[in-house]
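Below you'll find the structure, written out as structure tokens, and then a few comments.
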Amino acid sequence: MDDQSPTGTDALIELAVKTGLNLVFGLLHQNLSFERQLGCASSGGSICNDVLQTALDIVMTFEPLSLADKRRLLPLAASSLAEVTSFLRSIVSPQSCANSSGRRLASELMLAIATQRGSLHYLLEWIEMALCAAVTLETESSCDAGVEAEPHPRMITHTTFVAVLSQMKKAMVSHVVMLLVFSKLD
């Protein structure tokens, strides 16, 4: 145990958040497995996809770079973001039981979160995930010649791409404005 272990209310909040995330991620994975076993993964009514879409919709409404200031993020928030990212990577993975819509939504959500975090490190994590998924998907589709597969699986939609670029542009403009204001104060 380190010296920074939470106590009292902070410890209870950490317990609730971490076990809650673990429970939700476990239930979503289990739901994906059941859908695959029942053969209804392509019906579009996936609980996992609905949760991912809701999360994506919410993250896309955030002000640009709202998760970028590490000094304002509690350690619990930072570790929760890492767990969410890990979960999203597992959904995008070709070994996942998720359908192509679920993989795309997870990829889009991971990109939106990476953009909000405002660090090249997180964008590079997303690029690595997208490249690994694309290479694996291409390899799998060439091996399964008899199985109809999506010819070019999309990692994100054009709409998400434009929205993320818009968020980056807004963040860049606000940063330039702040620099101009502070330079005039000198």
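Against the definition (touching a residue at least 12 places away in the same chain (Cβ under 8 Å), of a type in the set (A, V, I, L, M) and buried (at least 19 other Cβ atoms within 10 Å of the Cβ)), how does Leu76 come out, yes or no?
no
Could you please give the count of residues in the range 58-116 that are among the polar types (S, T, N, Q) and outside any helix (DSSP H, G or I)?
So the answer is 6.
What are the pairs with Cβ atoms under 6 angstrom where one residue, in the range 9-35, is more than 18 Å from Leu81 (Cβ to Cβ) and the other, located anywhere, is part of a helix (DSSP H, G or I)? Sequence gap at least six, or different chains.
Correct list of pairs: Asn31/Ile47; Asn31/Cys48; Leu32/Cys48.
Can you confirm whether Arg71 is loosely packed, with under 14 Cβ neighbours inside 10 Å and not aliphatic (A, V, I, L, M)?
When the stated conditions are applied, Arg71 passes them.
The conditions are (1) surrounded by fewer than 21 Cβ atoms within 10 Å (Cβ to Cβ); (2) touching a residue at least 40 places away in the same chain (Cβ under 8 Å); (3) not charged (D, E, K, R), and Thr115 fails exactly one of them. Which is it?
Just one mismatch for Thr115, condition (1).
Checking the condition modelled with pLDDT of 90 or more, within 30 Å of Val173 (Cα to Cα) and touching a Phe, Trp or Tyr at 6+ places or on another chain (Cβ under 7 Å), which residue from Met110, Met60 passes?
When all the criteria are applied, what remains is Met110.
The values are calculated or read from the model by the stated rules, or taken from the named source; none is laboratory data. What you see is a predicted model, and the numbers here were worked out from it, not measured in a lab. Heads up, the Cβs are rebuilt from the backbone with ideal geometry, glycines too, and the neighbour counts pull from every protein chain shown.
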